[in-house]
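Encoded as structure tokens, the structure appears first; notes follow it.
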Amino acid sequence: MKLADKVCVVTGAGSGIGRAIAERFHAEGAIVAVVDRDEQSAKACATALDGMAFAVDVRDEAQMAAMVAEVERIYGHIDLFCSNAGILATDGEPWWATSASNAVWQAMWEVHVMAHVYAARACLPRMIERKRGYFLNVASAAGLLNQIGDAAYSTTKHAAVGWAEALAITHGDDGIKVSCVCPQAVDTEMIAGIDNGGTAGLDGVLTTEAVAAAVVEGVDQETFLILPHPQVNEYRVMKAENYDRWIGGMKKLRRLFGNPKLS
């Protein structure tokens, strides 16, 4: 998809990867609706991009549906919806896979999975009617591999990848395109205070601008899997070829990093 003159919605666009994507889309000539839970951040970004700002909690389906309806009312349609909002919590003491609270697990599920479902549920009717549309879902390399020290994050990011696959398979014949972005460590507030990005930063910590550039290239080529860190594809292949060896390697990595405290 060429982004010039396209109507794009980006969630979590008040800062970090979302803001960089929104800025790059604007630079490519797109009309950008900026969505963020923080109203001031959304307005600041939208003002800089001559776009519209929406203060929305992506966990609330009614808010998501109302925002989509308003964008469609103003612009007539949505060409691309980027579900980018994400959170990080870590397992916490005693650093078991079960350490995170039920509240953390629920929040991860709502932000990383259901927000993507809500976006599609709201956008699909008009997209299918027009026989074209694009969903750009930002997941994580943790959704293809795993993130040591954050079982809830890893599990829900796996679910996010699975949802993107289902969306592409089910609605490809309806003219719907889907891309799933899976970076490793990116220089955002999410990893602030984590030395060198933790285990996710072993292959380097990318700037948000670098991720946005990879996203634009992937959207231009309509590639399903967008990997800003190309090494992730090598790890994914290794995992598929020998699951037991891959798990053994991840266990070794956990031991090398000791108690996997990420901050």
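Each value in this text was obtained by applying a stated rule to the coordinates, not by laboratory testing. Treat the numbers as computed from the prediction; the structure is a model and nothing was measured. Reconstructed Cβ throughout: ideal geometry from the backbone, glycine too, with neighbour counts over all protein chains shown.
Among the trypsin sites (Lys or Arg not before Pro) in segment 38-96, none is located in a DSSP loop while being surrounded by at most 10 other Cβ atoms within 10 Å of its own Cβ.
Remark on residue 91: its backbone amide H falls under 5 Å from those of 150, 151, a criterion applied only to residues 5 or more positions apart or on other chains, H modelled at 1.01 Å from N. Among 111, 237, 178, the largest mean-square fluctuation in a Gaussian network model of the chain, built with springs joining Cα atoms closer than 10 Å, belongs to 237. Between 27, 46, 185, the residue with the greatest mean-square fluctuation in the GNM of the chain (Cα pairs under 10 Å linked by springs) is 27. In percent, rounded to a whole number, the relative contact order of segment 7-256 is 17, using alpha-carbon pairs under 8 Å and six or more apart. Mean-square fluctuations from a GNM of the chain, with a 10 angstrom spring cutoff on Cα atoms, peak among 210, 160, 22 at 210. Membrane-span-like helices in the chain, defined purely by DSSP H runs whose alpha carbon atoms cover 27 Å or more axially and whose average Kyte-Doolittle hydropathy reaches -0.5, are 151-171. In a DSSP loop and with at most 12 other Cβ atoms within 10 Å, the trypsin sites (Lys or Arg not before Pro) in segment 115-185 are 131. For percent of Cα pairs over 31 Å apart, the candidate list reads (i) 33; (ii) 22; (iii) 26; the entry that matches the value derived from this model is (ii).
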